[in-house]
1. Among Leu62, Gln164, Gln27, which residue has its Cα furthest toward the positive end of the charge dipole of the chain, with +1 on Lys/Arg Cβ and -1 on Asp/Glu Cβ?
2. Go through Met186, Met17, Met94 and list them by solvent-accessible area, largest first, probe radius 1.4 Å.
3. Rounded to the nearest 10 Å², what accessible area does Thr64 show when all protein chains are kept and the probe is 1.4 Å?
4. For the chain, what is the charge dipole size about the Cα centre, in debye to the nearest 20, if Lys and Arg each add +1 at the Cβ and Asp and Glu each add -1 at the Cβ?
5. For the stretch 49-127, run through the chymotrypsin sites (Phe, Trp or Tyr not before Pro) and keep only the ones in DSSP coil with at most 15 other Cβ atoms within 10 Å of their Cβ.
6. Using Cα pairs under 8 angstrom and six or more residues apart, how large is the relative contact order of the chain, in percent?
7. Please report, as a whole percent, how much of the solvent-accessible surface of the chain comes from carbon and sulfur atoms (probe radius 1.4 Å).
8. So what's the angle, to the nearest 10 degrees on a 0 to 90 scale, between helix 40-49 and the longest Cα principal axis of the chain?
Amino acid sequence: IPYLTHKEALLRLSAVMVGGLLPRHEQSQLLSERLKDPLKSIRIEAARGLLNQGLQSHNQALFTKAFNELVNANQVSIWRGEGRLNQAIVSLTMGKWLEAEKDLLKSIEIDPYFEVSYINLAEVYRQQQRKDKERAVLKKALKNLPKSAPLNYAYGLFLVRQQQHKEAVAYFELANRISPTESQYMYTYALA
């Protein structure tokens, strides 16, 4: 934990970024201290890490200020697919599913070759048990990015959840062929 207060800003930033690995009761206490860090990037990461934490009232004003900095930072790059994705992740963390869905759809519209947005949108639909939407998003993604190992893998997992095991094997095989050094793809393909 000494890195959260280290004089080197990059070490403080790195410590805040992995703050989610701390036990929940320690996250709130330790990350709250970084809400008043002199560097904006550290305050933003602290706010991101505290989105679902119950903050003590004396930290609420600091959190609100840092959270506004986070939203403003996302707004700067909202014209890019990645910027929309970042805002969608904030919305997801806060449990705002509809806002996240809108941002992910916009991200895909802006950048139809940014695979992470498809994967996150499919996950939103999976969490909501909207199988038809999940399938449609993954199919569209594979149409645009047929050589994407993560997308082939994600679609294979979707097929497994639909009890379509034989069909899933082909997607796991393709993901493994595209990224043969990715152990998760290799392991899943071997199991399949």
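1. Projecting each Cα onto the dipole axis, the largest value belongs to Gln164.
2. I get Met17, Met186, Met94, largest accessible area first.
3. Roll a 1.4 Å probe over it and Thr64 shows about 60 Å².
4. Using Cβ point charges on Lys, Arg, Asp and Glu, the chain gives about 280 debye.
5. Working: sites: Phe63, Phe67, Trp79, Trp97, Tyr113, Phe114, Tyr118, Tyr125; in loops: Trp79, Tyr113, Phe114.
For chymotrypsin sites (Phe, Trp or Tyr not before Pro) across the stretch 49-127 that sit outside H, G, I, E and B with at most 15 neighbouring Cβ atoms in 10 Å, the list reads Trp79, Tyr113.
6. 10 percent.
7. Percent of accessible area from carbon and sulfur atoms in the chain: 55.
8. 60
The values are calculated or read from the model by the stated rules, or taken from the named source; none is laboratory data. These numbers come from a predicted model, not from an experiment. Counting neighbours? That spans all protein chains shown, and the Cβs are built from the backbone with ideal geometry, glycine included. All accessible areas refer to the heavy atoms of the entire protein, side chains included, with ligands and DNA or RNA removed. Shrake-Rupley method; radii C 1.70, N 1.55, O 1.52, S 1.80 Å.
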